[in-house]
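Heads up, the thing below is written out as structure tokens.
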Amino acid sequence: MLTTKEAIARRRSIRKFKTDPIPQEHLTQIIEAARLAPSGCNTQPWRFKIVIEKYIREELARAAFNQSFIAQAPAVIVCCADITGYLNGTASGIQDLGKIGAIEDRIIQVLEKRVAKSRTMSIDQLGPIIAFNVAIAIEHMVLRALDFDLGTCWIRLLDSPAVNELFNWDETIYTVALLPIGYPAEDPGPRKRMALDEILL
């Protein structure tokens, strides 16, 4: 099994996939990695849809501005944020964190004010804010997939309302990204990265 360092160095954005199906157990383990991700105040807003049906993968590719390679992957994980709890005030785990002493009372007060403010926001405003929690979970999946020799590619260029319409989801589900996943049919080299001294402030 890869070390975390090895997985980070080995990860690539894969856009060519073999047609071999992915064992369900591997997909389950990848979702389990997402489930264990951290989130703000332990809200866990992520929701995932595993798509293996070819015709639905083709619809997802169309919703992503005809990026055809998405449909070629044997599976696509639709990564979403459920903002229902943010709208009705049930999503926050602030009090639980306070009870176990994870955060101070003064920080709880600051967080509660921010949660109260979020209830006044529109769905269009909330979605992108909550999406960062889902992004953490997605990267957990990306790295875990490497344990099964699977490649992935983050897809953020998509028509979120079109994805919702495809699955009959209401507006409280915000599509953050598509994650095509499969056995790589390419072996791209590392992309250019900035030097360490260039990214330190």
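Taken together, the values in this text are just the output of simple stated rules run on the coordinates, not laboratory data. Everything quoted here is computed from the prediction, not taken from an experiment. Cβ coordinates were reconstructed from backbone atoms using ideal geometry, including for glycine residues, and neighbour counts include every protein chain displayed.
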Based on the Cβ-Cβ distance of SER13 and ASP170, what FRET efficiency does E = 1/(1 + (r/R0)^6) give at R0 = 45 Å, to the nearest 0.05?
-> 0.90
Quick one: how many lysine pairs in the stretch 4-184 have C-alpha atoms under 27 angstrom apart, if they're 8 or more apart or on different chains?
-> 8
Of the listed peptides 28-38, 137-147, what is their order by residue-averaged count of other C-beta atoms within 10 Å, with the highest listed first?
-> 137-147, 28-38
When the helices in the chain are scored as -39500 (n - 2.57) per DSSP H run of 4 or longer and the sum is shared across all residues, what 222 nm value do you end up with, to the nearest 500 deg cm²/dmol?
-> -13000 deg cm²/dmol
Evaluate the relative contact order of the stretch 4-184 (contact order divided by residue number), counting alpha-carbon pairs under 8 angstrom at least 6 apart; express in whole percent.
-> 37
Between GLN24 and LYS54, with labels modelled 7 Å along Cα→Cβ, what's the label distance in nm to one decimal, could you check?
-> 2.1
Under a point-charge model restricted to the Cβ atoms of Lys and Arg (+1) and Asp and Glu (-1), what is the dipole moment magnitude of the chain relative to its Cα centre, in debye to the nearest 20?
-> 380
Could you pull out every whole DSSP H run in the chain that spans at least 15 Å of Cα extent along its own axis and averages 1.0 or higher on the Kyte-Doolittle scale?
-> 123-145
